[in-house]
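Structure, as structure tokens:
Every number in this text was worked out from the coordinates using simple rules, so none of it is lab data. Predicted, not measured: the structure shown is a model, and the values here were computed from it. When we count neighbours, we look across all protein chains shown, and the Cβ atoms used for this are built from the backbone with ideal geometry, even at glycine.
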Ligand code: GH3
Ligand code: MG
Ligand code: MG
Ligand code: MG
């Protein structure tokens with residue numbers, strides 16, 4: 001007998017395939033006063049498909065981290081401006097740099113000095129030996145671990161979207177940037193209509209499926225940029241950098257139409273049609289992130305009050 005068609009399983013399979021897409025190249029920052037050595041390490045890692053940036057002066061590192069967002073720092077021990085362990089200690093004291101793997105690459109073979117460097121915040125200590133494979137292995141492994149950790153910390157486990165904390169963090173960044181650049185910034189709050197009755201009628205598992213499927217549609221509409229988050233329960237948010245209120249509302253309305261056309265698979269096999277309401281707001285002069293959220297929330301409330309399945313401004 002042929003197996004019955006299992007829609008949920010197929011959807012999960014597709015999700016897994018999409019998540020396994022080829023990863024971004026690792027971003028590595030090399031800090032070394034010796035041009036020859038920096039060049040060697042840079043070549044090795046670049047050939048291994050990584051994106052490498054080198055700097056001679058360790059004092060430029062904090063600024064470069066903010067700019068390039070490296071996923072690993074390869075750090076020399078002895079440089080004229082300051083030593084590698086001094087720099088590591090400074091980086092570890094600043095929460096903004098928290099958790100970036102620091103790997104020392106030095107000719108220092110004295111065990112005591114190596115231990116000090118690790119105590120100051122180094123995650124590993126490689127002795128310069130011109131072995132490209134060792135360097136590639138360690139760097140790739142540490143970047144991978146760092147990515148997993150960040151993923152775990154910043155994402156909501158059900159939807160893989162940004163979690164509340166990281167959504168707000170991202171919004172704060174974008175608000176600051178918008179005020180600096182005088183570009184418009186819009187923000188949307190989305191809330192599924194009568195979601196409680198989905199849970200009540202079909203069970204929590206189907207409710208979870210609906211949340212996941214809306215998350216999937218949001219991710220597809222805004223790939224890569226990490227601007228979509230799960231605000232809470234069945235509520236989602238989208239950050240729209242460089243987008244006016246009307247354009248953002250238009251995009252949310254397209255999502256609303258798409259979501260409304262979707263037929264969710266239910267426990268009883270019947271297709272279920274749902275809708276969401278949304279509120280969109282644009283950042284005003286001198287407005288803070290908190291007010292932007294409040295304004296979008298008020299617009300969402302209006303959309304609900306006006307009958308749901310619509311986008312409020
Ligand atoms: P409204 O149209 O006014 O938004 O009605 P609603 O029923 O969607 O609103 P309400 O906020 O009262 O209900 C939200 C429900 O979402 C309540 C809660 O049980 C459910 N919920 C929150 N998080 C989850 C989740 O992760 N999974 C499931 N299945 N349900 C959740
Ligand atoms: Mg040196
Ligand atoms: Mg709600
Ligand atoms: Mg709701």
What percentages, rounded to whole numbers, describe P(r) for the stretch 1-151 computed over all alpha carbon pairs with 10 Å bin width beginning at zero?
10, 38, 29, 9, 7, 5, 2, 0
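Which ordering of 301, 202 is given by a fewest-first count of other beta-carbon atoms within 10 Å? Show your work: numbers first, answer last.
Working: 301 15, 202 19.
Final ranking by Cβ density, sparse to dense: 301, 202.
For residue 205 and residue 93, FRET efficiency with R0 = 30 Å and r from the beta-carbon atoms, rounded to 0.05? Could you put the intermediate results ahead of the total?
Details: r = 46 Å, r/R0 = 1.52.
With a Förster radius of 30 Å, E is 0.05.
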Segments 71-83, 150-162 sorted - mean Cβ within 10 Å per residue, highest first
71-83, 150-162
MRE, 222 nm, helices only [DSSP H, n ≥ 4, -39500 (n - 2.57), over the chain, to nearest 500]:
-16000 deg cm²/dmol
Contact order relative to length of the stretch 87-156, as percent, for alpha carbon pairs under 8 angstrom and 6 or more apart
31 percent
Express the relative contact order of the chain as a whole percentage, based on alpha carbon pairs under 8 Å and six or more residues apart in sequence.
13 percent
Per residue, how big is the convex hull around the C-alpha atoms of the stretch 129-201? Give it to me in cubic angstrom, could you?
155 Å³
Full-stretch length increase - residue 16, residue 39 - with 0.36 nm per residue and alpha-carbon distance subtracted
4.5 nm
With Kirkwood's inverse mean 1/r over C-alpha pairs for Rh, give me the Rg to Rh ratio of the chain, two decimals please.
1.08
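Dividing the Cα radius of gyration by the Kirkwood radius, what Rg/Rh value follows for the stretch 1-86?
Computed over Cα atoms, the ratio is 1.35.
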Any idea what the alpha-carbon Rg over 2.2 N^0.38 Å comes to for the stretch 163-311?
1.05
How much of the DSSP beta bridge set in the chain is antiparallel, as a percent to the nearest 5?
55 percent
Got the relative contact order for the stretch 205-295 handy, in percent, Cα pairs under 8 Å and 6 or more residues apart?
21 percent
Put a dot 7 Å past each Cα toward the Cβ at residue 298 and residue 60; how far apart are the dots in nm?
4.8 nm
Which values of log₁₀ I(q)/I(0), to two decimal places, follow from the Debye formula for the stretch 94-251 at q = 0.08, 0.16 Å⁻¹ with a uniform point scatterer at every Cα?
-0.40, -0.95
Label-point separation, residue 306 to residue 176 (7 Å along Cα→Cβ), nm
3.5 nm
Taking the C-alpha atoms of the stretch 190-274, how large are the radius of gyration and the largest Cα-Cα span, Dmax, in Å?
13.6, 44
Roughly how many whole Å is it from the C-alpha centroid of the stretch 218-256 to that of the stretch 13-76?
30 Å
By how many degrees, between 0 and 90 and to the nearest 10, does the Cα long axis of helix 164-181 differ from the longest principal axis of the chain?
80 degrees
